[in-house]
Structure formats: C-alpha cells, structure tokens
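Just below is one structure, and these are the notes that go with it.
The values are calculated or read from the model by the stated rules, or taken from the named source; none is laboratory data. Here the structure is a predicted model, which is why all the values come from computation and not from measurement. All Cβ positions, glycine included, derive from the backbone under ideal geometry; neighbour counts span all protein chains shown. Please note that ligands, DNA and RNA were not included when accessible areas were found on the heavy atoms of the full protein model with its side chains. Shrake-Rupley method; radii C 1.70, N 1.55, O 1.52, S 1.80 Å.
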Amino acid sequence: MTKDYAISIYLDTRREKLNGKYPVKLRVFIPSIKKQKLYSTTFDLTTEEYKSIWESTKPRKEHKEVRMKLRAIETHALEVAERLLHFSFDSFETLLFKGTTINQSDVVSMYNQAIEQYKKNKQVGTASNYDLSLKSLLEFHKKDSLYFYTITPQWLKNYENYMTEVKNRSRTTVGIYLRPLRAIFNTAIANKTLTLDQYPFGRRKYSIPSPKGTKKALSKEQLKMLFEAEPGTPEQKKAKAFWFFSYSCNGMNLKDIAFLQYQDIVGDTLLFRRAKTSNTNKSQAPVIVYLNDFTKSVIDQYGSSQRLPNEYIFPIVEHSVDYDKMHTQLKNFIRFINQHFEKFAKGLGINEKVSTYWARHSFATNAIRNGASMEYVSEALSHSNLKTTQSYFAGFEDDKKKEISKKMMEF
C-alpha cells in the first residue's frame with residue numbers, strides 16, 4: 001500500500017519565542033491534498049541547536065538525549081500512521097491523542113494495566129510492587145503523567161541519584177523499583193509500541209543496580225542451637241516451628257506453605273506447585289518434598305482440624321475471603337513469624353535480623369556444604385536455572401576451605 005503521508009520533525013521558525021528559540025513540532029503532510037498540520041512538542045531550539053541535534057549525522061554527546069526523545073516522538077507518530085487502513089488527519093489524531101495507542105505510549109497507563117492483570121491472576125504481591133514502583137517514579141518526575149520518550153539512560157541515572165542521595169534509599173531498593181519499569185518497556189517492545197533503539201536499559205545504556213547483598217544463611221552450629229533451644233513464649237514456639245518447617249521442606253517459602261492443601265500430602269511426601277510460578281506460561285513440574293518426623297509433628301500440632309482434601313493444611317488464610325484480604329492475612333502471618341523468630345534468635349546471641357527468607361538460603365547453603373550438588377539444590381528449590389541457585393549459596397566456611405586446600409597436595 002502506497003503511503004499518502006509524510007511525517008517528520010520540523011523547526012517552526014515563523015515566530016521566535018521569548019526565550020530566543022523556536023518551537024520544534026511534528027509535521028504531518030498529505031501530498032495528495034497538499035495539506036500539512038503541525039503538532040506541538042515540548043521542545044524549543046535555536047536554528048543552530050536544531051541543526052546540531054537533528055540534522056547532523058553525528059550529534060554532539062550533550063545533544064544525544066534530546067535527539068533520542070525527538071526520534072521517539074517521530075517513531076511513535078509513524079507507528080500510529082502505519083496502523084491506519086486509510087490515512088486522514090482525523091483518524092491519525094484520534095489514535096495519537098485519544099485512542100489506545102496513546103495509552104500504550106503512556107507509562108502510567110501501562111503500569112495500571114499490568115497492576116490490574118496481576119490482581120486478576122491473584123498475584124497481589126507483584127501488583128503491590130508495581131504500584132510502589134510507579135509511585136516512586138512519579139514522585140521523582142513531579143508529574144502525574146510519564147511517557148516512554150522521557151525515560152532515557154540519563155533520566156534513569158538521575159532517578160537513581162535522587163533515590164540514593166535525596167531519599168537515602170539503598171541501591172537494592174532502586175533495583176526493586178526499576179525492574180517493573182524494565183518489564184513495562186519489554187512489554188511495549190513486544191507489542192511494537194516501542195522499538196529497540198528506544199530501550200534505555202542494558203550495556204552502554206543504563207544498568208539496574210544489583211549489588212551483591214549479604215548472604216542470608218545460618219551455619220550448621222547456629223541451626224543446631226536454634227533447633228535445640230526452648231522458646232520463651234508460645235509465639236516464639238510457633239514461629240520456630242514454621243521457620244524450621246520451611247527450612248526442612250527444601251526452604252519452602254511461607255506463601256507456598258499457606259496454600260498447601262491436605263490433598264497435597266501423598267504418603268510421606270508433599271506434592272505441590274509453587275505459587276510464584278503458577279501463573280506463568282511455562283510448564284512447571286510439581287515440587288516434591290519428603291516429610292520427616294519434625295515436619296509431620298508441625299502438621300499435627302498446627303494443622304487445621306478438618307482434614308478435607310481441599311482444606312488448607314494450616315489456618316493461615318481463609319478460603320472464603322477475596323484475594324486482597326487473603327494477601328493481607330498472609331502478610332500478617334509472615335510478619336508474626338519474622339518478629340517472634342528474630343526475638344528468639346537474638347535471645348540466643350544471633351543478632352542478625354533472621355527472617356523466613358533465611359530459611360530458604362540456609363537450606364540451600366547447608367545442603368551444598370553437606371555434599372549436595374548445585375543441580376540437586378536447584379531442583380529442590382524449583383529454580384529454572386543454576387545462576388539463581390548460586391546466588392543463594394553463602395559459600396564454604398573457613399574450616400572447609402582449609403580442608404580442601406590441604407587435600408590439594410594429597411596426590
């Protein structure tokens with residue numbers, strides 16, 4: 001189909017503005033009727049700046065960001081035009097300013113769309129993460145709207161500096177808030193709303209901070225001390241029981257524990273699918289956990305009295321409530337376990353903030369230290385790749401390193 005339109009970035013030099021510059025506009029021209037329309041942008045440039053930024057084949061370094069934003073405006077307009085069966089100014093403007101396309105170019109709209117989808121999939125935790133991410137970005141941007149062409153590598157770097165220097169947040173928090181934004185960009189590219197050259201993440205662009213955090217794993221001696229110690233309160237006793245239930249069940253996280261049903265008990269095993277991966281398109285094999293005397297005793301002591309197949313094993317969340325309420329119940333239970341287990345651990349001289357997160361890492365680390373292969377632990381944790389499992393491993397203790405060093409000379 002022959003294109004009966006031409007779209008370009010245009011410097012409107014008919015009238016100089018008070019700042020001594022001219023407005024940059026989006027020019028749309030229809031040759032068949034010899035008519036053009038100019039659409040405003042947020043940019044003002046001098047003729048020299050326009051030549052350097054837009055007409056030069058190799059713009060100066062300080063002009064590359066503006067050039068990228070102008071290119072994004074032009075690309076978006078071209079993509080809108082290509083979606084029209086018959087091009088006209090009215091249909092073009094409808095899609096550009098009122099239709100779904102403008103929503104797809106609006107980061108806020110795509111965030112809200114993702115949040116609603118996660119809620120429908122009962123992934124309330126992920127929806128909450130996206131909501132916090134969006135609020136943080138808009139707080140930095142100081143506007144209620146945010147568009148893809150605004151977000152450049154330098155914009156992201158400025159956001160990181162704002163978070164770490166002004167808000168006094170860690171680089172880890174910056175990473176947590178920017179990963180949803182990166183996912184939104186990936187969705188926009190998959191939907192052909194954006195092109196790859198508008199992607200601000202990656203090598204030679206902006207890299208999301210991923211600092212190596214402290215490995216959250218307890219040693220064998222610490223685990224032994226905690227397991228054999230007598231808690232001082234009923235709350236600590238319950239917290240200890242569920243912490244070690246998680247540890248003993250391959251580091252099962254508390255969300256999976258909360259959604260275990262009696263029908264998942266098959267002989268001496270638990271057979272279930274992880275809540276984290278249940279909404280993905282990938283085929284996930286069920287997780288198999290072997291029950292020992294301790295884990296069976298926790299089920300006997302804290303399990304629901306009505307042992308029906310579809311009944312949750314533990315009365316942590318209710319079947320009858322909506323998923324938002326269920327998510328709140330789960331968060332409250334996790335907070336209860338973390339608060340009381342931390343007090344229990346501190347009473348024994350362990351001053352780290354030991355949470356349920358440590359149970360999963362402690363399982364992985366101690367399994368490997370006891371001779372289990374990385375592949376075995378990866379399967380036990382239901383990881384899709386070894387790299388994730390390796391991040392859980394807190395490394396070998398000094399005594400083990402010395403032992404290996406000595407054995408290196410035993411030929």
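Please go through (1) of a type in the set (Val, Ile, Thr); (2) part of a strand (DSSP E or B); (3) surrounded by 14 or more Cβ atoms within 10 Å (Cβ to Cβ) for VAL66 and return the number of the only condition it doesn't satisfy.
Only one criterion is unmet by VAL66, namely (2).
State which residue is nearest to ARG274 (Cα to Cα) when the search covers only region 310-344 and only residues that are more than 30 Å from the chain's Cα centre (by Cα) and open to solvent by 80 Å² or more (accessible area, probe 1.4 Å).
My answer is ASN310.
Could you figure out which of (1) surrounded by 13 or more Cβ atoms within 10 Å (Cβ to Cβ); (2) within 26 Å of ASP106 (Cβ to Cβ); (3) under 36 Å from the mean Cα position of the chain (by Cα) isn't true of PRO59?
PRO59 satisfies every listed condition except (2).
Give region 286-298 a look and list any residue that's touching a residue at least 24 places away in the same chain (Cβ under 8 Å) and part of a helix (DSSP H, G or I), or say none. Talk me through it step by step, then tell me what you get.
First, pick out the residues of region 286-298 that are touching a residue at least 24 places away in the same chain (Cβ under 8 Å): 287, 289, 291-292, 294-295, 298.
Those that are touching a residue at least 24 places away in the same chain (Cβ under 8 Å) and part of a helix (DSSP H, G or I): PHE294, THR295, VAL298.
Would you pick out the residues in region 126-162 that are touching a residue at least 12 places away in the same chain (Cβ under 8 Å), open to solvent by 20 Å² or more (accessible area, probe 1.4 Å) and among the charged types (D, E, K, R)?
Matches in region 126-162: ASP131, ASP144, LYS157.
Any chance region 27-43 includes a residue that's touching a Phe, Trp or Tyr at 6+ places or on another chain (Cβ under 8 Å), of a type outside the set (Val, Ile, Thr) and within 27 Å of PRO153 (Cβ to Cβ)?
Scanning region 27-43 turns up no residue that is touching a Phe, Trp or Tyr at 6+ places or on another chain (Cβ under 8 Å), of a type outside the set (Val, Ile, Thr) and within 27 Å of PRO153 (Cβ to Cβ).
What single numbered condition from (1) loosely packed, with under 14 Cβ neighbours inside 10 Å; (2) touching a residue at least 60 places away in the same chain (Cβ under 8 Å) fails to hold for LYS205?
Unmet condition: (2).
Condition (residue is open to solvent by 70 Å² or more (accessible area, probe 1.4 Å), touching a helix residue (DSSP H, G or I) at 6+ places or on another chain (Cβ under 9 Å) and either outside any helix (DSSP H, G or I) or more than 30 Å from GLU65 (Cβ to Cβ) (or both)) applied to region 246-266: is it met by at least one residue?
The answer is no, given that none of the residues of region 246-266 is open to solvent by 70 Å² or more (accessible area, probe 1.4 Å), touching a helix residue (DSSP H, G or I) at 6+ places or on another chain (Cβ under 9 Å) and either outside any helix (DSSP H, G or I) or more than 30 Å from GLU65 (Cβ to Cβ) (or both).
Among all residue pairs at least 6 apart or on different chains, which show Cβ distances below 8 Å where the first residue, located in region 220-237, is open to solvent by 100 Å² or more (accessible area, probe 1.4 Å) and the second is in a helix (DSSP H, G or I)?
As it stands, the answer is LYS220/ASN366; LYS220/ARG369, since those pairs meet every condition given.
If GLU165 satisfies every condition in (1) over 26 Å from ALA275 (Cα atoms); (2) open to solvent by less than 40 Å² (accessible area, probe 1.4 Å) but one, which is the exception?
(2)
Would you mind finding the one in SER362, SER382, SER378 that is at pLDDT 70 or above and open to solvent by less than 30 Å² (accessible area, probe 1.4 Å)?
Of the residues listed, the single one that is at pLDDT 70 or above and open to solvent by less than 30 Å² (accessible area, probe 1.4 Å) is SER362.
Condition (residue is part of a loop (DSSP other than H, G, I, E, B) and within 20 Å of THR126 (Cβ to Cβ)) applied to region 175-195: is it met by at least one residue?
yes
Please go through (1) open to solvent by less than 70 Å² (accessible area, probe 1.4 Å); (2) at pLDDT below 85; (3) out of contact with any helix residue (DSSP H, G or I) (no Cβ under 8 Å at 6 or more places or on another chain); (4) not basic (Lys, Arg) for GLN284 and return the number of the only condition it doesn't satisfy.
(3)
Which of the residues belonging to region 104-156 are hydroxyl-bearing (Ser, Thr, Tyr), more than 14 Å from TYR177 (Cα to Cα) and within 14 Å of the chain's Cα centre (by Cα)?
TYR118
How many residues does region 79-111 contain that are at pLDDT 90 or above and open to solvent by 40 Å² or more (accessible area, probe 1.4 Å)?
Here the count works out to 0.
Do we have VAL298 as modelled with pLDDT of 85 or more and surrounded by 13 or more Cβ atoms within 10 Å (Cβ to Cβ) here?
Considered against the rule, which asks whether it is modelled with pLDDT of 85 or more and surrounded by 13 or more Cβ atoms within 10 Å (Cβ to Cβ), VAL298 comes out as yes.
Within region 1-55, take every residue that is in a helix (DSSP H, G or I) and acidic (Asp, Glu) and give me the one that is least open to solvent (accessible area, probe 1.4 Å).
If we take residues in region 1-55 being in a helix (DSSP H, G or I) and acidic (Asp, Glu), then GLU49 is least open to solvent (accessible area, probe 1.4 Å).
Could you please let me know if PHE140 is touching a strand residue (DSSP E or B) at 6+ places or on another chain (Cβ under 8 Å) and assigned to a helix (DSSP H, G or I)?
Criteria not met by PHE140.
If I ask for residues that are touching a strand residue (DSSP E or B) at 6+ places or on another chain (Cβ under 9 Å) and not in a helix (DSSP H, G or I), which ones from region 72-95 would you list?
Selection gives PHE87, SER88.
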